[in-house]
Amino acid sequence: MGFQKACSCALALAVTCGVLASPAFSQHHKTATPVDRNLILWSAPDNISTRNLYYGPGGKENEPDLPLEFLSEAKDGASPKFDVRDQSGKKWRLKLGDEAQPEIVASRLLWAVGYGANENYFYSDVAVNDLKHLHRGQGFLESDGKVRQARLQRHPGEKLSMWKWRDNPFRGTREFNGLRVMMALISNWDLRDENNAVYRENPDSEEKLYEVSDVGASFGMSGKSYTDNLSKNNLGAYSHSKFISKTTAEYVSFNFPTHPPFFYVFNPPLFFGHVRMRWIGKHIPRSDAKWIGSLLAQLSTEQIRDAFRAAGYRPSQVDAFADAVQGRIAQLTRL
């Protein structure tokens with residue numbers, strides 16, 4: 001009876017969460033108000049069709065100067081990571097695991113259509129001098145001092161703070177709604193506020209750049225699953241996931257982010273955290289979804305493939321992922 005009661009309570013909690021996450025209850029759509037011109041979420045990109053998605057926001061000229069020197073291990077987040085310095089003195093955050101590859105691609109697609117993104121580069125293996133024992137990620141270390149499947153990331157500016165999905169200066173704007181669509185396009189379901197950052201690129205500038213700074217939980221399922229290798233960087237899950245769930249004359253909703261697995265109801269903070277984010281993919285003005293789709297449609301097949309090549313995917317994976325992304329873009333353009 002105790003177990004049955006627990007399951008009944010869990011079911012009641014799940015139903016309650018479904019109501020709380022519904023567009024009618026949680027969207028609270030507001031009319032866009034003028035945004036301070038010094039606050040920047042999106043900037044009109046240069047010719048999208050000529051953007052280099054292999055090297056991305058940093059370009060070839062800002063690639064790390066190898067080899068790297070180990071600085072310290074970072075304990076935050078779900079993925080193993082540590083800080084390094086390259087030979088030119090630049091500091092980078094090196095991430096290992098399931099998020100290393102998809103983050104490369106996701107950041108390039110965001111940057112291609114005008115959203116801010118970190119400089120990042122992928123290495124199938126890279127030398128790190130003075131590498132100490134790691135508490136996480138020891139399985140990625142080689143005997144010769146190299147690490148496998150490494151993403152190096154940095155932002156040239158100063159991080160000022162984080163920003164919140166529900167409470168930010170851009171709510172209701174076309175640019176903010178376009179960002180919501182981008183999260184659905186790449187299936188970045190880990191939408192915690194701490195994954196967002198506000199940067200200042202120049203100490204003398206009053207401009208503040210709003211970015212989704214961690215997009216590693218991408219290109220897998222449309223929501224958190226039982227394991228990370230199902231949820232992230234999973235070609236089968238991404239290519240077979242339904243993209244658009246509902247359209248009306250005025251709005252479009254995406255099958256994203258989906259509910260976490262049922263057993264998470266026994267961990268209410270985690271369960272509620274994911275459920276509260278479901279509104280991000282729901283009830284988006286159709287015109288705003290078409291707008292971001294029109295920007296994405298300017299990318300060529302080769303540009304999209306270049307983004308996946310930059311992340312070290314095999315040729316067959318490059319083609320399959322690119323086809324899936326273009327299929328989603330086509331759905332946006334048909335709205």
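What follows is calculated from the coordinates using simple rules that are stated; it is not laboratory data. The shown structure was predicted, so the numbers you read here are calculated from the model rather than taken from an experiment. Reconstructed Cβ throughout: ideal geometry from the backbone, glycine too, with neighbour counts over all protein chains shown.
Compute the Kirkwood hydrodynamic radius of the stretch 48-333, taking the inverse of the mean of 1/r over all pairs of distinct Cα atoms, and give it in Å to one decimal.
Its Kirkwood hydrodynamic radius stands at 19.4 Å.
Once a ≥ b ≥ c are taken as the square roots of the eigenvalues of the Cα gyration tensor of the stretch 95-234, is the result rounded (a/c under 1.5), prolate (a/b larger than b/c) or oblate (a/b not larger than b/c)?
On the way: a/c = 2.30, a/b = 1.43, b/c = 1.61.
The shape class here is oblate.
Mind scanning Lys95/Lys132; Lys75/Lys159; Lys208/Lys232; Lys246/Lys290; Lys75/Lys132 and naming the pairs with a C-alpha gap bigger than 20 Å? Write down the numbers at each step before the final one.
On the way: Lys95/Lys132 15 Å; Lys75/Lys159 18 Å; Lys208/Lys232 30 Å; Lys246/Lys290 14 Å; Lys75/Lys132 14 Å.
Those over the limit are Lys208/Lys232.
On a full-extension model of 0.36 nm per residue, what is the gain between Ala74 and Ala249, subtracting their alpha-carbon distance, rounded to one decimal in nm?
Details: separation 175, 0.36 × 175 = 63.00 nm, distance 4.74 nm.
Fully extending the segment from Ala74 to Ala249 adds 58.3 nm.
List the aspartates and glutamates whose alpha-carbon lies under 15 Å from that of Lys81, not counting same-chain residues fewer than 8 positions away?
Of all the aspartates and glutamates, those that pass the test against Lys81 - Cα under 15 Å, at least 8 places apart if same chain - are Glu69, Glu73, Asp98, Glu99, Glu103, Asp125, Asp214.
With a Förster radius of 30 Å, plug the Cβ-Cβ distance of Asp130 and Ser205 into 1/(1 + (r/R0)^6) and report the FRET value to the nearest 0.05. Could you put the intermediate results ahead of the total?
Numbers: r = 35 Å, r/R0 = 1.18.
Here the calculated transfer efficiency is 0.25.
Please identify the trypsin sites (Lys or Arg not before Pro) of the stretch 192-227 that satisfy two criteria: DSSP loop assignment and at most 15 other Cβ atoms within 10 Å. Which are they?
The qualifying sites are Arg192.
Can you sort Asp319, Asp46 by how many other beta carbons sit within 10 Å, fewest first? Can you show the working numbers first?
Working: Asp319 14, Asp46 9.
Fewest-to-most Cβ neighbours within 10 Å comes out as Asp46, Asp319.
How much length would be gained if the chain were fully extended between Gln317 and Asn47, taking 0.36 nm per residue of separation minus their Cα-Cα distance, in nm to one decimal?
Values: separation 270, 0.36 × 270 = 97.20 nm, distance 2.72 nm.
Once the chain is fully extended between Gln317 and Asn47, it gains 94.5 nm.
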